[in-house]
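Please treat every number below as a calculation from the coordinates, not as lab data. Keep in mind the model is a prediction, meaning the values are calculated, not measured. Every residue, glycine among them, receives a Cβ derived from its backbone with ideal geometry; neighbour counts consider all protein chains shown.
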Ligand code: C2E
Ligand code: MG
Ligand code: MG
Ligand code: MG
């Protein structure tokens, strides 16, 4: 709407603007307070080996128990956190909480799992990420091998040289690094041979249509082959059906994550799965995955 369109229109326009920016301001203040008031909570989604069906890890996924708006998924506040820079504090809370939780499970004698934690591009670009990760490793006393950071291709794109340096320093801490939502960014693939990445995560958008759309199938297959020939491991996210599972297993995908086995669940529920040593029942008849 153009301001010159008349008084009435202008007022409408201004009111509209104010409503949404006030709402954002509201949410920004709320989010700042959410950290102090401990309103953020982590859910955990199991990651399973297609070799033997074991739970080998989990992804920590943040939610916000908003006092008035209810349980908010990350899509409703992570973008705001990114825009306001609050993502650095949120990310640090997530990382510390996830590591402390994993240590508690380890102390309880449960099967060892790798904890995957999302790191946003903004957080990745923050100058002291390596120091913060090192400090949290020390504080939580977890084996660094049991922590994986999920980076996105947007982190790679911002500055390739800094990405090399930062990933090298992170690898110096002996943690694992994955590229999340792989295949959706427009970054140059050359970083795969230059950087200390351990694993690729096939994006849910390719997995969704994997059994119907030949293009999605080709892309998923190409990612698996490329990962393996670069000696990287590969996990598919968003696996919901047995047909998707079989497709991925036949083509040698190492691990999966998705609603087929479990949605992200609260800590107590994931702990119960570990306690029961719950497994993915691998459908009979599918060939065993082979590594190239
Ligand atoms: P992501 O890292 O790609 O996480 C996977 C998302 O896919 C999760 O959504 C998960 O619930 C969903 N998902 C998993 N399996 C399935 C499935 O079988 N079907 C479908 N339809 N969806 C599935 P969620 O928890 O809403 O998180 C959305 C995104 O928010 C994440 O995508 C990640 O980018 C971001 N996010 C979550 N937690 C954090 C965090 O602690 N820090 C940062 N920076 N970002 C986070
Ligand atoms: Mg992720
Ligand atoms: Mg993902
Ligand atoms: Mg995704």
Gap separating the Cα centres of the stretch 81-97 and the stretch 187-213, nearest whole Å: 25 Å
How far apart, in nm, are the 7 Å Cα→Cβ label points at residue 138 and residue 112? 2.3 nm
Decide, for the stretch 39-118, between rounded, prolate and oblate: order the square roots of the alpha carbon gyration tensor eigenvalues as a ≥ b ≥ c, take rounded if a/c falls under 1.5, and otherwise choose prolate if a/b is larger than b/c, else oblate. prolate
If Rh is defined by the Kirkwood formula over all Cα pairs and Rg also comes from Cα, what ratio Rg/Rh do you get for the stretch 75-195? 0.97
Taking 8 Å as the Cα distance limit and 6 or more residues as the minimum spacing, I'd like the relative contact order of the chain as a percentage. 19 percent
Rank the residues 99, 58, 253 as a footprinting-exposure proxy: fewest other Cβ atoms within 10 Å of their Cβ go first. 99, 253, 58
Fewest Cβ neighbours within 10 Å first, please rank 143, 181, 255 accordingly. 143, 181, 255
To the nearest 10 degrees, the tilt of helix 129-140 (Cα long axis) against the first principal axis of the alpha carbons of the chain is 60 degrees
Can you give the Rg/Rh ratio of the stretch 192-258, where Rg is from the C-alpha atoms and Rh is the Kirkwood radius? 0.96
Rg and Dmax of the chain, Cα atoms, in Å? 20.8, 71
Given R₀ = 41 Å, what would the calculated FRET efficiency be for residue 188 paired with residue 243, taking r from the Cβ atoms and rounding to 0.05? 0.80
Can you give me the convex hull volume of the Cα atoms of the stretch 125-234, divided per residue and expressed in Å³? 103 Å³
Could you work out the helix-only [θ] at 222 nm for the chain, with each DSSP H run of four or more residues adding -39,500 (n - 2.57) and the total divided by the number of residues, to the nearest 500 deg cm²/dmol? -14500 deg cm²/dmol
Where Rh is the Kirkwood radius over the Cα pairs of the stretch 210-292, the temperature 4 °C and the viscosity 1.567 mPa s, what D in µm²/s does Stokes-Einstein return? 93 µm²/s
Any idea what angle helix 214-229 forms with the longest principal axis of the chain, computed on alpha-carbon atoms, 0 to 90 degrees, nearest 10? 70 degrees
Among 27, 226, which comes first, then next, by fewest other beta-carbon atoms within 10 Å? 226, 27
Output the relative contact order of the stretch 197-292, whole-number percent, from Cα pairs under 8 angstrom with separation of 6+ residues. 28 percent
Report, to the nearest 10°, how far helix 160-172 tilts away from the longest principal axis of the Cα atoms in the chain, using its own Cα long axis and a range of 0 to 90°. 60 degrees
